[in-house]
Amino acid sequence: MVLGFYLVDTIINKKLFVMITLVGVIISLGCSAGTLIVQVPPPTATQFKTPRPTFTFTPNWTATFTPSPTPTDTNTPTPTATPLPSATPTEPPQEAAAAAPVAQEQVAPAEPTDTPTPEAPTATPTPEFPFQFEYWIHDTGSPGETRMTAWIRKDSGPGFFKTLSGFQMEAQAPDGNTYLSEISGSGPGDSTVKGTGDNHNMNTKLEFSPYTPGNYTIFLTEGGVQVSPKLQITLSAEPRQYVHIDFFEKESP
């Protein structure tokens, strides 16, 4: 029984000793933490707002007027004019005084000249032949013959014309022969296929064999009479060529 009480008392004393020890440790830690908290200096606050500049009032500047010194007039003496000796008048000789003025002979005004007569305007020279021409040479044609086409017309205005009949084209060939085209008709045809680039309106043509290159003299005739200037052309040997000519007469207004 006594042993039991002794064990219980011993256990209680040990628990009490442990609790007292823990309380002392906790109080010691709390004091140490408080000391550390007191020793750490408080953080310094940082000012993030930019200070505004202080405006200093400056009074308006007032100009100070300094009068300039008044110039003093200086009297400049006026030079005194020295009188010149008066000249003694000399009487003119009696001969000069007695001479009477000679009257000048009046000249009659010249008669106006006749106004020149303007020359008559020069008349526009009449062309030697009523027909003029334009021509084109193309690197095409029949391989075995010499070929020339022509369109004979009368122009009454831009885009207005009349195809003329009864005319012939004469060609003097380099071989010494002279060739005549068909007699022109009243309606035009096509010198080649349309849209090929070498096509022209025509109402007469000249074809002969073989193909003869060289220099040609060509002109238009009516009833065997020359009615256009002569045209000089040259056909090449290769490539073979053909020529087209427009003979046109302008209708008088």
### Query
Just the Cα atoms of the stretch 132-250: what Rg and Dmax do they give in Å?
13.7, 40
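Hey, can you rank 232-243, 201-212, 16-27 by average C-beta count inside 10 Å, highest first?
Working: 232-243: 14.8, 201-212: 16.8, 16-27: 10.0.
The most tightly packed comes first, giving 201-212, 232-243, 16-27.
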## Note on the structure
Answer in debye to the nearest 20: the dipole magnitude of the stretch 132-250 about its Cα centre, from +1 Lys/Arg and -1 Asp/Glu charges placed on Cβ, is 280
### Task
Set the Förster radius R0 to 30 Å, insert the Cβ-Cβ distance between Gln172 and Thr126 as r into 1/(1 + (r/R0)^6), and round the FRET efficiency to 0.05.
0.70
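A short reminder: the numbers here are calculations on the coordinates, not readings from a lab. All figures in this text were calculated on a predicted structure; none of them were measured in a lab. Don't worry about glycine lacking a Cβ; one is built from the backbone with ideal geometry, like all the others, and counts go over all protein chains shown.
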